[in-house]
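The values are calculated or read from the model by the stated rules, or taken from the named source; none is laboratory data. In this text, all values refer to a predicted model and were calculated from it rather than measured experimentally. Glycine also receives a Cβ, built like all others from the backbone with ideal geometry; neighbour counts cover every protein chain displayed.
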Amino acid sequence: MKMPDALIREEIAKSGAISFARFMELALYCPETGYYETKKDNVGRHGDFITSVSTGSLFGELLAFQFAEWLGEFTIYDLRFTIAEAGAHDGKLARDILDWLQAHRPELFARLEYWIIEPSEIRRGWQKETLTPCSGKVHWASQLSELGHSIAENRQRQFSILFSNELLDAFPVHCFGWDAARRDWFERGVTWDGGAFQWTRIAGSGKAPCADWGKICPPELEAVLPDGYAVEFSPAAEQWWREAARCLEHGRLMTIDYGYDFGEMFVPHRRLGTVRAYAGHRQADNVLANPGRQDLTAHVNFGAIRRAGEEAGLGTEFFGGQPQFLTRILQRATTEKCFANLDGKRVRQFQTLTHPEHLGRAFRVLVQQRGCMSANCRRIDATHNVA
């Protein structure tokens with residue numbers, strides 16, 4: 001069984017420098033030995049990073065309340081409902097959502113199927129262990145297309161919620177740099193030299209990072225960009241979002257992650273890009289070191305993701321910060337006994353989820369929809385102005 005670093009070196013030796021997207025793919029998802037295939041306990045206090053899920057059950061319970069509101073708009077019809085989660089890791093968020101719905105919305109729970117989109121057999125095993133008490137309610141699909149076929153075949157179940165939490169930041173990204181002298185962009189690849197993985201220019205890569213780059217970064221902006229300014233794009237994440245949109249006949253597509261909009265791509269503190277590596281709750285010095293043994297991530301380009309959904313026929317219902325999104329849910333949820341009087345532990349969870357010094361600083365929520373528009377979640381644009 002070969003480790004990711006050995007496989008990466010072999011691929012470079014065979015075909016030359018590879019894109020960072022390929023490096024990231026092998027480091028994170030290499031079967032049986034990639035970072036996400038071997039590290040079940042990489043989340044939480046004793047892992048490499050924390051997530052909203054690892055703060056406690058409140059995050060999942062608030063999402064469950066929001067999902068119940070969205071689904072409740074259609075309970076007058078004779079429908080069955082689907083909630084589908086992509087990137088469920090060990091299944092804890094699914095368990096928190098299902099436990100709350102079963103306890104507080106039993107009639108809705110009875111009409112619900114919960115799907116997990118998970119291509120990894122290893123991670124499916126983790127999830128099935130966590131979700132053993134919910135085994136009759138949860139179904140698995142290895143690809144989005146399987147979920148789409150299930151929804152299409154069951155005409156009675158026509159309303160769906162498909163969501164992810166901290167999934168898109170783990171999709172492989174292509175890295176580009178600005179050559180101020182040549183006034184051109186080049187793709188940054190990875191090679192093996194001097195006993196270590198090194199950054200290199202990919203030969204013949206001098207071109208704009210995407211087709212409509214002139215609108216995103218006009219010539220007058222390029223004229224003042226510092227040499228080496230770095231940006232990332234993830235065609236894989238955009239394609240995944242388009243496929244997810246096609247799964248929805250009626251319903252909502254939601255993602256929660258850290259990232260920025262098109263208008264926030266070019267700021268001084270992002271001069272070196274957003275690719276990061278984490279191990280033991282610390283940012284690693286070298287993202288190319290130790291592939292398979294440290295997490296690799298990059299900020300989500302929400303402008304590109306939102307555009308992909310709208311091109312697939314979805315309407316943008318909400319785009320704003322996680323603090324706004326969760327605070328509005330909690331304000332409505334105070335009618336529920338379980339949210340009316342939060343104890344100290346749950347107050348601390350909410351503060352961690354929303355405070356700008358914790359998870360509230362960079363996390364954004366994007367909700368797009370087809371065939372519905374909730375009065376409880378008014379559309380908000382990227383500048384947080386009510387539209």
Checklist entry - In region 227-259, what residues are part of a helix (DSSP H, G or I) and of a type in the set (Lys, Arg)? => result Arg242, Arg246
Checklist entry - Take the residues of region 182-204 that are among the aliphatic types (A, V, I, L, M) and either at pLDDT 95 or above or not in a loop (DSSP other than H, G, I, E, B) (or both): which is surrounded by the most Cβ atoms within 10 Å (Cβ to Cβ)? => result Val190
Checklist entry - Can you find even one residue in region 157-179 that is assigned to a loop (DSSP other than H, G, I, E, B) and among the small types (Gly, Ala, Ser)? => result no
Item to check | Criterion violated by Phe325 - all others in (1) touching a strand residue (DSSP E or B) at 6+ places or on another chain (Cβ under 8 Å); (2) assigned to a loop (DSSP other than H, G, I, E, B); (3) buried (at least 22 other Cβ atoms within 10 Å of the Cβ) satisfied | outcome: (2)
Item to check | Residue in region 285-295 that is assigned to a strand (DSSP E or B) and over 27 Å from Glu73 (Cβ atoms) present | outcome: yes
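Please go through region 277-289 and give me each residue that is surrounded by fewer than 17 Cβ atoms within 10 Å (Cβ to Cβ) and at pLDDT 95 or above, ordered by number.
Narrowing region 277-289 to residues surrounded by fewer than 17 Cβ atoms within 10 Å (Cβ to Cβ): 280-283, 285-286, 289.
Matches in region 277-289: Asn286, Ala289.
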Checklist entry - Which pairs have Cβ atoms under 7 Å, sit 6 or more apart or on different chains, and link a residue in region 97-121 that is within 14 Å of Trp140 (Cβ to Cβ) to one that is among the β-branched types (Val, Ile, Thr) and part of a strand (DSSP E or B)? => result Glu113/Thr82; Tyr114/Ile83; Tyr114/Val138; Trp115/Thr82; Ile116/Val138
Checklist entry - Among the residues of region 38-96 satisfying the criterion of being among the aromatic types (Phe, Trp, Tyr), modelled with pLDDT of 95 or more and under 19 Å from the mean Cα position of the chain (by Cα), which is surrounded by the fewest Cβ atoms within 10 Å (Cβ to Cβ)? => result Phe67
Next on the checklist: Condition first: charged (D, E, K, R) and within 24 Å of Gln239 (Cα to Cα). Can you find one or more residues in region 289-301 that meet it?
Outcome noted: yes
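Residues checked against (1) closer than 22 Å to Arg22 by Cβ; (2) among the hydroxyl-bearing types (Ser, Thr, Tyr):
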{"position": "Thr132", "(1), (2)": "no, yes"}
{"position": "Leu168", "(1), (2)": "yes, no"}
{"position": "Val173", "(1), (2)": "yes, no"}
{"position": "Ala181", "(1), (2)": "no, no"}
{"position": "Gly194", "(1), (2)": "yes, no"}
{"position": "Thr200", "(1), (2)": "yes, yes"}
{"position": "Ala203", "(1), (2)": "yes, no"}
{"position": "Gly206", "(1), (2)": "yes, no"}
{"position": "Cys210", "(1), (2)": "yes, no"}
Item to check | Subset tally (residues that are polar (S, T, N, Q) and under 28 Å from the mean Cα position of the chain (by Cα)) for region 9-25 | outcome: 1
Checklist entry - When you look at Arg306, is it of a type in the set (Lys, Arg), touching a helix residue (DSSP H, G or I) at 6+ places or on another chain (Cβ under 7 Å), under 26 Å from Gly148 (Cβ atoms) and surrounded by fewer than 23 Cβ atoms within 10 Å (Cβ to Cβ), yes or no? => result no
Next on the checklist: Six or more apart or on different chains, Cβ atoms under 8 Å: show the pairs whose first residue is in region 308-337 and in contact (Cβ under 8 Å) with a residue 60 or more places away in the chain and over 12 Å from Phe65 (Cα atoms) and whose second is assigned to a loop (DSSP other than H, G, I, E, B) and charged (D, E, K, R).
Outcome noted: Thr316/Arg379; Glu317/Arg379; Phe318/Arg378; Phe318/Arg379; Phe319/Asp261; Phe319/Asp381
